[in-house]
Each structure stands twice: as C-alpha cells, then as structure tokens.
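Notes follow once the structure below has been shown.
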Amino acid sequence: MGSGIATATLVNTTAHVALVEATKDMHEPLAVLISEECEARGASAAGRFSIHSDVTESPEADLIIEAIPEIIELKHRVLRAAEQRLTPTGILTSNTSSLSITHLAEALEQPERFLGMHFFQPVPDTVLTELILHPGASGQTVEQASAWVERLGREAITASDTPGFATSRLGLAIGLEAIRMVEEGVASPEDIDRGMQLGYQHAVGPLRMTDMVGLDVRLAIAEYLTATLGPRFEPPALMRQMVAEGKLGRKSGQGFFEWPAPAGR
Ligand SMILES: NC(=O)c1ccc[n+]([C@@H]2O[C@H](COP(=O)([O-])OP(=O)(O)OC[C@H]3O[C@@H](n4cnc5c(N)ncnc54)[C@H](O)[C@@H]3O)[C@@H](O)[C@H]2O)c1
C-alpha cells in the first residue's frame, strides 16, 4: 500500500514523497517499482522521492500516511515517532483497514491533528479514499485531509470510527463467505469470482480481491472484527491454513490464484 500511495501522490501532485520502509532489501525494488508505475502513467518520479529505513530519519512532512502492518502496538509506536516529523501545520493519518482511530489517537501528543485516511488496491487506479473521524479530530484537520484527497485526484467518503468502517467491514464479509464457499466445494474460485463479476457487476471478484489485499492482511482484519463485532467475522480454517503455508496472494505469487511476478505494491 505504501508504494501505491507514493505512486498516486507523485502522479497527481508536485509534492516530494518520502517513503519509509523498515526492510532495507526492499528499497531498491520499491524505487524501481515506483519509477515504473509513475512512467506508465505519464509522470516522472525522478528527483521527487526518497526512501528511508526509519521514520525518525525522514524529512518533515505536511501529510504523513502510516501504512504499516495491522498491529496496534506497532502502529502506536510508529505514529508517536511520525508525529514528531510533522511540519507545524501538518496532519498525521493512518491507512488502517479496521483498527479504532480513537484508540490509535490515544498514543499521540496532538490527537486533534490525526484521522483515518483509508486507500484501496491498486491505489493509483482507484479513486476512493475513506476518511475516518474520531471525536478529538479538529475541524481544520478534517478540512486539510479533504483538500489532500482532492489534490490526489480522489473522491472521499466519510465514516464514523467503528470497526472496519464503511468499506472493510462489508468487503471482508463477502471475502470470508467466498472462502467458506471454496472450503465447502460450492464452486471453483474462478467461478465464484465470475459469478460476482458477471452477475452482480463487481469489477473484481472477492477471491481475487483477497489475493490483491493479501491473505495475511485480511486475516488480521478478520481477527480484529471478530474481537470487536462478533463471531460472524471468524476467519475460515482455509484462510488460516493458506497464511500458515505462505500463500498470501499476489505478494507471495500464490493465493486463490497464481500471480506470476510478486508485486511490491
Ligand atoms: N492490502 C490492502 O489492500 C490494504 C488496503 C487498505 C488498507 N490497508 C492497510 O494498510 C496497512 C498496510 O497494509 P499492506 O497491505 O501494505 O501491508 P504489508 O504487510 O504488505 O506491508 C507493510 C510494510 O510495512 C513495513 N514495515 C513494518 N514495520 C515498519 C516500520 N516500523 N517502519 C516502516 N515500515 C515498516 C513492512 O516491511 C512492509 O513492507 C495495514 O494497516 C492495512 O490494514 C491495506
């Protein structure tokens, strides 16, 4: 998600983008991926972005979008450090798919400058950004976030701070049911997806979407929604098994479908 958000920012604005990726081995592939993705969209990333290993080493920024794994303690730690890298009028946001924005804000010195800014796969080719408000967010922060959404050529919906917000909750419910249908032998992954595409006009089927999001990412969301909203979000055994086997979807090359070249986005 981080590289997709970086690409979308470079393509749609003149801003400088500083990407923070903890795994150093990924810096070079990410730089190549972002440059190619920008070029494919008629933009040049040359001299406009930098990659850093830790947020404490990144330049000050007007907008910071946290997009690290869905682990609340990790997000608390990184958001606390990121807050120190804001310009005096900058805002801090999280791309979390499900976690409580109110709870994330509790780690911050200035929670009024923080809100949820949720992007979708593949970021450069989708237009939606979901803004998630918490009671402590200031009106100015919401205005600034809305202005950024517009600047990024995107459209916003606004959701209250409930687990899974307005999008992940419904998207996950369909994805989990599709996995249960594979488990029960209702139809093949291809046919389940084609059914939703041709019958219900979904642009991408639920199993291909699960592959694109990442089975590990969806498992973490399912576990959080089970704990907060109830057993209807209980992850199917097949999902746990595939994650344990490293079948994470597009990023690992294998999920419900085969993905020839693992993508870094
Ligand atoms: N995958 C999706 O479709 C999707 C969509 C919307 C939102 N999200 C949310 O975005 C966030 C990231 O999801 P993802 O799919 O990109 O996860 P991912 O696991 O594919 O990528 C997370 C990246 O963060 C890096 N990282 C871990 N700790 C770090 C740290 N301390 N500093 C810098 N980098 C660190 C990891 O090395 C990894 O490259 C999650 O909160 C997820 O719920 C994901």
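Rule-based calculations on the coordinates, nothing more; no lab input. What you are looking at is a predicted structure, and each value in this text was computed from that prediction instead of being measured. Don't worry about glycine lacking a Cβ; one is built from the backbone with ideal geometry, like all the others, and counts go over all protein chains shown.
Results, tabulated for the structure shown:
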read-out: In Hz, Karplus ³J(HN,Hα) per residue of the stretch 168-183 (6.51, -1.76, 1.60; θ = phi - 60°; x = Gly, Pro); value: 4, 4, 6, x, 5, 4, 5, x, 5, 5, 4, 5, 4, 5, 5, 3
read-out: Relative packing of peptides 134-141, 215-222 - highest average C-beta neighbours within 10 Å first; value: 215-222, 134-141
read-out: Long-range tail of P(r) for the stretch 1-115 (Cα pairs > 23 Å, %); value: 29 percent
read-out: Other-chain or far-sequence residues with amide H under 5 Å of H52's (modelled H); value: L19, V20, E21
read-out: Over the chain - Rg/Rh using Cα atoms and the Kirkwood inverse-distance radius; value: 0.96
read-out: Antiparallel bridges, percent of DSSP beta bridges restricted to the chain (to nearest 5); value: 20 percent
